[in-house]
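First comes the structure, then the notes that go with it.
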Amino acid sequence: MKSSVTPIRRSPEEQANFEATFKKIFEHGFGFNEVIGLKVESFDPESPRLKFEMRPELVGSFIHKRLHGGVIATALDTVGGFAVAVAVADKYASEMAEQIVARFSRFGTIDLRVDYLRLGVGRSFHASAKVVRLGGRIAFVQMELKNDADQLIATGTATYIVS
């Protein structure tokens, strides 16, 4: 039997507060994210996205001017964690931003796999993620990194602790 009760959702103002809080956390709360220049592009629960511009500091091969593999892995791990944060915020849609931050403070990467598919060349890069499973303690996520020409640079999968 289905319930006819509509779950309580946070107000538009509180949703904006959540998004501003998590934008600040992901763009400035983690020093390495700030070094890379990661920016929140989308809070879409189906495919949260981060982006960053290519800069000389991110080059892994000075001869070929391509993106460092560690930057690729970090972007994928970060967008995976971001996707979990967005999914948890959606799951607990009645909670205020501060409550979601408290939940987020217990997250951690358990496992990360990166498949490097193409050279990391481009003017900018976009990382997206999809939460495949969000359980009470564990989340499983699939991620992609594409360049500004929409070429798939790398994929990843990760498992995160969420409790």
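Throughout, read-outs are computed from the coordinates displayed, never taken from laboratory work. All values derive from a computational prediction rather than experimental measurement. Positions of Cβ are backbone-derived with ideal geometry, glycine not excepted, and every protein chain shown enters the neighbour counts.
Observations on the structure shown:
- Gaussian network model of the chain, springs between alpha carbon atoms under 10 Å - residue of 93, 149, 83 with greatest fluctuation: 149
- Calculated [θ] (222 nm, deg cm²/dmol) that DSSP helices of n ≥ 4 give over the chain, each run adding -39,500 (n - 2.57): -9500 deg cm²/dmol
- For the residue pairs 39/91; 24/65; 65/146, alpha carbon separations beyond 27 Å are given by 24/65.
- Among 16, 89, 97: highest mean-square fluctuation, GNM of the chain, C-alpha pairs under 10 Å: 16
- Average Cα contact separation per residue, the range 12-161, under 8 Å, 6 or more apart, as relative contact order %: 24 percent
- Sparsely packed chymotrypsin sites (Phe, Trp or Tyr not before Pro) within the range 54-163, loop by DSSP, other Cβ within 10 Å at most 12: 62
- Summed side-chain charge close to residue 117 - residues other than residue 117 whose Cβ falls under 15 Å, Lys, Arg +1, Asp, Glu -1: +1
- Most mobile of 94, 128, 47 in a GNM of the chain (Cα contacts under 10 Å): 94
- Net +/- balance of residues flanking residue 27 in space, Cβ distance below 10 Å, scoring K and R +1, D and E -1: +2
- Helices of the chain meeting both criteria, an alpha-carbon length of 15 angstrom or more along the long axis and an average Kyte-Doolittle score not below 0.0, with helices taken as full DSSP H segments, are 69-91.
- Three principal axis extents of the range 12-161 based on alpha-carbon atoms, in descending order, are 51, 27, 24 Å.
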